[in-house]
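The values are calculated or read from the model by the stated rules, or taken from the named source; none is laboratory data. Everything numeric in this text was worked out from a predicted model, so none of it was measured. No Cβ is skipped: glycine too gets one built from the backbone with ideal geometry, and neighbour counts run over all protein chains shown.
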Amino acid sequence: MRQIKWQHAGLLLALFNFLTFSLLNLNAAPPKRVAGSGVGSNSPYATDAYPGFDDLDNLPKPEKKDTSWFLHVSRDTPAEQLAYAQQMEEEGSLRAARRGYDALVREWPASPEAPKAQLALAMVWAKKYKDYDEAFEALEYMLDFYPRDCDYLELVAYEYQLVNLMIKEKKTFLGFSFTSTRVCRQHYESIVRRAPGASYVPEAMLKIADLREQEDQYEEAVQVYATLASKFPRAPEARVATYLEAKARMWLCRRLSYNVPRCKDTADYLAMALKRFPDLDEADELKAWRGELTQHLSEDAYMQAKFYDTKQRTRHAALTAWERFLKEYPDSPHADEARARIEALQIK
């Protein structure tokens, strides 16, 4: 009887745990929505963090449109409003057309005409106004709120064209550019996250890294180059990224007064790059950089050995330092001095 009671008690405990777990899941907050996580025609899309990219929480996200005091629909139904806005566009009344499309989306967001109006709004900005930034923002809204009502990948590819045009045809006034490097970079980052398998992604990542360098953010640029080479090792851009990563690493080494751990890491990277791409066009440049770092590391190791070879240090410490120096840098100009000093210390 006791055994039966214990079995019943075990079943009741298991049932209690199951119900508790279920209730906790029901009460749990829904997963946070992140930029680029919408479901498109070929879902799912990447939502993971890319090294060197801005955090997902820092990327601009379109907010759902609300009705506005300044934008009012001119017709009684979504279909009539869409026809009105299209007529205004055909007649060349672009401001009326743009406001008409936008008002429709705000007033009837769940109507079948809303995604059509939103897409038309993006095309007006892009093709009539040549305002590629506004067009990009309109397409971002389309992809986030109406992903099933469009050719998702086609629109992302069009976004890529728009950002390229933003950079090519920079807005200027009196010689000053109004095209933000940071905004363009974030646009590219959003595109890569939305369509990580697209053919233009390696090229886009090169542009992201270049924009990072223009902002003097070489640490982040190095991460983007490394991610590109890792994710697309067979792409032609991987060779370019390998060289540009080496160049950015060298900039950091020189900028940070040849920090020893960084120099060692960069020297190892240069050796790996030369092994992976021995026929790289810039191979001689990489070899020269490696020689520069090796010389600096050799001098640093020599000074360390000299430091340990003082009256304040033990013979064992001095001997170890010289032996380590000679092992790591046998071709150093100080190699003969190191051998002589090792021999002298061993005799003592």
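Per-structure values
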read-out	value
Hits in the range 120-168 - residues which are touching a Pro at 6+ places or on another chain (Cβ under 6 Å) and in a helix (DSSP H, G or I)	GLU140, TYR141, ASP144, ASP149
Hey, ALA83 of a type in the set (Gly, Ala, Ser) and modelled with pLDDT of 95 or more or not	yes
Residue within the range 289-305 that is of a type outside the set (Val, Ile, Thr), in a loop (DSSP other than H, G, I, E, B) and out of contact with any strand residue (DSSP E or B) (no Cβ under 9 Å at 6 or more places or on another chain) present	no
Verdict on LEU13 being farther than 30 Å from ALA198 by Cβ, hydrophobic (A, V, I, L, M, F, W, C), modelled with pLDDT under 95 and assigned to a helix (DSSP H, G or I)	yes
Sole exception among (1) surrounded by 16 or more Cβ atoms within 10 Å (Cβ to Cβ); (2) modelled with pLDDT under 90; (3) under 19 Å from GLU137 (Cβ atoms) for TYR50, by number	(3)
Pairs where the first residue, in the range 96-118, is under 15 Å from LYS128 (Cα atoms) and the second is acidic (Asp, Glu) and part of a helix (DSSP H, G or I), C-beta under 8 Å, 6+ apart	ALA97/GLU89
Tally of residues being of a type in the set (A, V, I, L, M, F, W, C) and over 27 Å from TYR158 (Cβ atoms) across the range 192-250	7
Test: residue in the range 232-243 that is among the hydrophobic types (A, V, I, L, M, F, W, C) and farther than 30 Å from GLN295 by Cα	yes
Residues of the range 185-205 that turn out to be farther than 15 Å from SER230 by Cβ and either touching a His at 6+ places or on another chain (Cβ under 9 Å) or of a type in the set (A, V, I, L, M) (or both), as a count	4
Only one of TRP289, TRP322 that is crowded, with 16+ Cβ neighbours inside 10 Å, of a type in the set (A, V, I, L, M, F, W, C) and at pLDDT 90 or above	TRP289
Test: residue in the range 150-168 that is free of Cβ contacts under 8 Å to residues at least 60 places away in the same chain, basic (Lys, Arg) and touching a helix residue (DSSP H, G or I) at 6+ places or on another chain (Cβ under 8 Å)	no
Residue check for SER230: assigned to a helix (DSSP H, G or I) and among the hydroxyl-bearing types (Ser, Thr, Tyr)	yes
Filter result for GLU343 (in a helix (DSSP H, G or I) and under 30 Å from GLN223 (Cα atoms))	no
Criterion (under 11 Å from the mean Cα position of the chain (by Cα), among the acidic types (Asp, Glu) and surrounded by fewer than 23 Cβ atoms within 10 Å (Cβ to Cβ)) met by exactly one of GLU213, GLU237, GLU220	GLU220
Residue under evaluation LEU211, criteria (1) among the hydrophobic types (A, V, I, L, M, F, W, C); (2) assigned to a loop (DSSP other than H, G, I, E, B); (3) in contact with a Cys (Cβ under 7 Å, 6 or more places away or on another chain), criterion not met	(2)
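Residue-by-condition table, conditions (1) in contact with a strand residue (DSSP E or B) (Cβ under 6 Å, 6 or more places away or on another chain); (2) over 18 Å from ALA195 (Cβ atoms); (3) free of Cβ contacts under 8 Å to residues at least 60 places away in the same chain:
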| site | (1), (2), (3) |
| --- | --- |
| VAL124 | no, yes, yes |
| ALA135 | no, no, yes |
| LEU139 | no, no, yes |
| PRO147 | no, no, no |
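Quick grid of which residues meet (1) touching a Pro at 6+ places or on another chain (Cβ under 8 Å); (2) at pLDDT 95 or above:
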| residue | (1), (2) |
| --- | --- |
| TYR225 | no, yes |
| LEU228 | yes, yes |
| LEU244 | no, yes |
| CYS253 | no, no |
